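The values are calculated or read from the model by the stated rules, or taken from the named source; none is laboratory data. These numbers come from a predicted model, not from an experiment. A quick note on method: Cβ atoms are made from the backbone with ideal geometry, for glycine too, and the neighbour counts reach across all protein chains shown. Just so you know, the surface numbers come from the protein's heavy atoms only, side chains and all, with ligands and any DNA or RNA stripped out. Shrake-Rupley method; radii C 1.70, N 1.55, O 1.52, S 1.80 Å.
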Amino acid sequence: MTANTPARTPVTLLGLGAMGTALARTWLAAGHPLTVWNRTPARAEAPAAEGAKAAESTASAVAASTLVVVCLLDDDSVGTALDGVDLTGKDLVNLTTTTPAQARARAAWAEERGARYLDGGIMAVPPMIGVPEAGGYVFYSGSRELFEQHRQTLAVPAGTAYVGEDAGFAALHDVALLSAMYGMFAGAAQAFALIRGEDIDPVAFAPLLSGWITAMTGPHVLGTAARLKSGDYTTDVVSNLAMQVAGTPTFLATAEGQGVSPELIGPYFGLMRRRLDAGSGEEDLAGVVDLLRR
Ligand code: FVH
């Protein structure tokens, strides 16, 4: 660092699992003074060798910096690690994956202890951290002031997307995107199961499947969002529900013929059928969203 280089914000990081270790590396590489703590102290040896200060307790780690980032297994481990620690005047950024309700409760808990609170949902896996071209980012919600003040420091490991003052919103966005991901993975599993056992090379099949998912998903997602917002589920429908439900016996019979269970795809077809039976044959699939709401 030269005399003209602005000082980097000191960071304390609690948690050196796979994700915490990746985060630590990026802040160290960017020149941030870093204090780390991990329940199993041996995991602090690698970042310490790269210049981090290894704290012996969460209390001393928290005392070392105003900005305290937590990346532990779950909400219980956050409660355990910070139990009895003085958080007065601290800026607590919790990147641990939790439910929205846990995030809101943790925000209230932190504020009662005199800290500002920002919750985060990491949309990346460890190899994407510190690699901007990998496209990883973190959803943040909670104190906007805290976010704006530390935006640059938070942007070091991955991109940032602030989604609102409600501390639960980062977790909600995180879980919503991951839920969609698992739905797509379920669809891919169904497709691979159908071809498995035949003389079809799964590696040759993969780009067809991937290209199809990509081509269909974007327009479907954007179209559904527009319908949910406008409340108009029938204008400009390309493939209506009546036609799509009429096709489902073919998919189920093919699965049966290939020896594939309908347990993944059957429930979705069931929802489509319910919506059709309710008189929505001219819609597309947006109405399924409303059926899922309890
Ligand atoms: N790794 C991933 O792909 C995903 C990507 C998206 C975000 N997740 C979430 O990030 C949180 C941390 O994940 P991680 O990958 O670092 O997880 P682990 O490698 O399993 O490390 C867990 C750390 O938590 C510590 N820990 C566990 N229980 C306690 C406890 N009761 N008290 C204090 N610390 C605890 C553990 O310590 P140790 O086992 O080394 O002693 C690790 O530091 C997580 O929410 C993901 O869902 C990652």
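Please specify each residue of segment 219-246 satisfying the condition of being in contact (Cβ under 8 Å) with a residue 40 or more places away in the chain and assigned to a loop (DSSP other than H, G, I, E, B).
Within segment 219-246, Tyr233, Thr234, Val237, Val238, Ser239, Asn240 meet the criteria.
Name the strands (runs of 3 or more DSSP E) wholly within segment 71-143 that hold at least 1 residues that are open to solvent by 30 Å² or more (accessible area, probe 1.4 Å)?
116-123, 137-142
Of the residues Leu154, Leu146, Leu118, which is within 16 Å of the ligand (Cβ to nearest atom), in contact (Cβ under 8 Å) with a residue 24 or more places away in the chain and more than 14 Å from Thr98 (Cα to Cα)?
Only one candidate passes the filter, namely Leu154.
Kindly list the number of the only condition in (1) open to solvent by 70 Å² or more (accessible area, probe 1.4 Å); (2) assigned to a loop (DSSP other than H, G, I, E, B) that fails for Met184.
Status for Met184: all satisfied but (2).
Quick check on segment 20-37: of everything there that is open to solvent by 20 Å² or more (accessible area, probe 1.4 Å) and touching a Ser or Thr at 6+ places or on another chain (Cβ under 9 Å), which residue is nearest to Ala52 (Cα to Cα)?
Restricting to residues being open to solvent by 20 Å² or more (accessible area, probe 1.4 Å) and touching a Ser or Thr at 6+ places or on another chain (Cβ under 9 Å), the top hit is Pro33.
Mind checking which residues of segment 26-53 are more than 13 Å from the ligand (Cβ to nearest atom) and outside any loop (DSSP other than H, G, I, E, B)?
Thr26, Trp27, Leu28, Ala29, Leu34, Thr35, Ala48, Ala49, Lys53, listed by residue number.
Where the second residue is assigned to a helix (DSSP H, G or I) and within 8 Å of the ligand (Cβ to nearest atom) and the first is at pLDDT 95 or above and lies in segment 18-31, which pairs have Cβ atoms under 8 Å and are six or more apart or on separate chains?
Listed by first residue and then by second, the contacts come to Ala18/Pro126; Met19/Pro126; Thr21/Arg43; Thr21/Pro126; Ala22/Pro126.
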